[in-house]
Each structure stands twice: as C-alpha cells, then as structure tokens.
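One structure is given below, encoded as structure tokens.
The values are calculated or read from the model by the stated rules, or taken from the named source; none is laboratory data. These numbers come from a predicted model, not from an experiment. As a convention, Cβ positions derive from the backbone with ideal geometry for all residues, glycine included, and neighbour counts pool all protein chains shown. Remember, those area values only see protein heavy atoms, side chains included, never the ligands or the DNA or RNA. Shrake-Rupley method; radii C 1.70, N 1.55, O 1.52, S 1.80 Å.
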Amino acid sequence: MKKKLLPISLSCSIALALFSPGLQLVKAEETLPTPTEEQPTTMLFESEGLAIYQKLEADGFTYEYHEKIVTDGDIQDVEITKYRLIGEDQKVLVDESEQTIETTEEGILLTTDQTAEPILIEIPEEEVIVEPDPDNPESGSVVEPAPPISTSSIKSGKYSASAVKSQTGSGGSYVADTRWITYSDGSATAIMNGQNPYYKYTRTSNANFSVFKVMASDLRKKEYELTAIGGAITIADALIDAIKSGKILSWTLLKTVSKKVLKSIPAIGTLYALYDYATTYLDARTYYRRI
C-alpha cells in the first residue's frame, strides 16, 4: 500500500473528531498526554463509534490509531487506520485493516481481513499457571526443549563431549509460552507457542534474540502486575489466544474480551496495562520471527 503523508496536526484531528456524536475527550487538558515508556498507550478520544489513541512502539516511533466502530446488536465492525507521527504536525498512513467482532455464548468470533474463516476466542476459566521447579523441570506444565547441540553431532565428531554446556539462565512468560534459555557456551534457545518452529536454536550474540529475550522477560514482569487485578490475567490469556496466529489487536477487541470475562469494562488504567501486555507479545513475536 502506498504511504500517504498527511499534513494534519493533532489539533485538527481533534476538531474533525468532535463531529462524531457522543465523542468525549478522555483528558480535559489543553496539552494532550504523550505516550512514554512507562505508559506507552494513551487514549485521546473515545465514543461508541470512534476511538483515537497513540502508542509508543518497539521501533521507537509513536503511532496514532483511529478505530471506527459500527455496532449492530452483538456484532461490531471495526475499521482501523494506523498513522506514524512525524514531528509535531504531520503523520504518515502506514496501515489499514478491518475486523468483525461477534459476542456469542461460546466466546467471541473474530473475523479479520487477514483470515478467511472466523476464529473463536474461547474465554478460559481463570487458572493458576504452574511453573517448573528449577531443580525439577518436569514438575511444571511445560517441558524445556533439549540443548542446541544434538547427540548425533557429538557422535559424528563435530563437537567434543566437553562442548555440551550447562544451562545458565532462563526466563519469559508461561502464560503466553514465550520464553528463552541460555547456555554457558554462548548458545541459546528461543521458544514461542503458535510459531513454526515452536523453538529456535541461536546464539546469545544474535541481536534479534537479545531483543526477544527482553520482551519475553517483560511479559513475565507484566503478568505479575496483572495478577494483582482481578480477572486481568484471564483477559491477558484470552487476548494472546486472539492474536497468536497473526490476528489484529484493537482497542475494541480488548474491551470486548474484557467485558466478556469480567461482565463489565475495567478501568482505563487496567485497559492500558492489558493493551501494553498484548502489544509486548506482538513485539516479541516480531523479533522471534527474525531470529
């Protein structure tokens, strides 16, 4: 798609958006909030038919998203437009996408312009994620893959027996199954559920692995924070299922999943935390694919 440079200031966007019925300014201040590393997502406007928000993403750029929502009963049609902000008064169109969200008794049916068939997002019961004991890896719900030096390689003489090194570190998320392992010989394993292959062998010096490692560890940190919010970790789990195969993450999808889990929409701070968690997963997936 050809990119378009739009000389539209943020104030013009606000003025245009005010023509939408029922639109509300989330923060009634002359200076609108700016996304930061501590709070990478900020909502500018929200109504029943429109959401405008900005997000500081992993590439260092701030993006502005416009979601136009048309609701018919339990079905929401969402048109998503994404811009990259350039300076103070310009933005460039970088992506356009569509999704349909239908709330059912079984869960949420998500159809996007990236998928031929609807995907059912089942809302899981909240459960405790059992992590393995470091002294007994098989005690957990996930078994770590073997070290990145095979027995056949050793027998063939490619590596000596002393080349098989011990594990020196591991981390990441067991909710999203996005994890990493490092070894004393400088080798490493990246693990990500829903990807093909499920795990990749690489080196700790691989720049993409280094970023993936940070993102995976950040997911785990955010999960600790979400467990303090009732039901939030279940929402996070459902969101990961929704976007695992490349589906579109949107503010509307986040709110719909949250409402299905909690029977109500949580506070804006909780929504920010959940959106940040899901986008961190997408960032981790981007760097996993580059390894």
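Tabulated data
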quantity	calculated
Length gained when the stretch L93-K259 is fully extended (0.36 nm per residue, less Cα-Cα span)	56.7 nm
Around K55: net Lys/Arg minus Asp/Glu count, Cβ-Cβ under 9 Å	-3
Protection proxy ranking of 169-178, 94-103 - average other beta-carbon atoms within 10 Å, highest first	169-178, 94-103
Spin-label model distance (nm) - E48 vs T34, 7 Å beyond Cα toward Cβ	3.6 nm
Amide H contacts under 5 Å for G107, placed H, 5+ residues apart	none
Sorted peptide list for 186-196, 224-234, criterion being average Cβ within 10 angstrom, highest first	186-196, 224-234
Separation of alpha-carbon centers, segment 42-94 and segment 218-275, rounded to whole Å	18 Å
Accessible area per residue in Å² at 1.4 Å probe, computed on segment 67-127	62 Å²
Amide H within-cut-off set for T204, under 5 Å, with H built and near neighbours excluded	S187, A188
Relative packing of peptides 104-111, 211-218 - highest average C-beta neighbours within 10 Å first	211-218, 104-111
Distance between modelled label sites at A267 and V70, nm, 7 Å Cα→Cβ extension	3.6 nm
Cβ-defined net charge surrounding S184, 13 Å radius [Lys, Arg +1; Asp, Glu -1]	+1
Gain in span if fully extended, S184 to Q167, counting 0.36 nm per residue against the direct Cα distance	5.5 nm
Computed E for E225/Q114 - FRET, C-beta separation, R0 25 angstrom, nearest 0.05	0.25
Viscosity 1.567 mPa s, 4 °C: Kirkwood-radius Stokes-Einstein D of segment 49-107 over Cα pairs, µm²/s	100 µm²/s
Full-extension gain in nm, E106 to R203, via 0.36 nm per residue minus C-alpha separation	30.6 nm
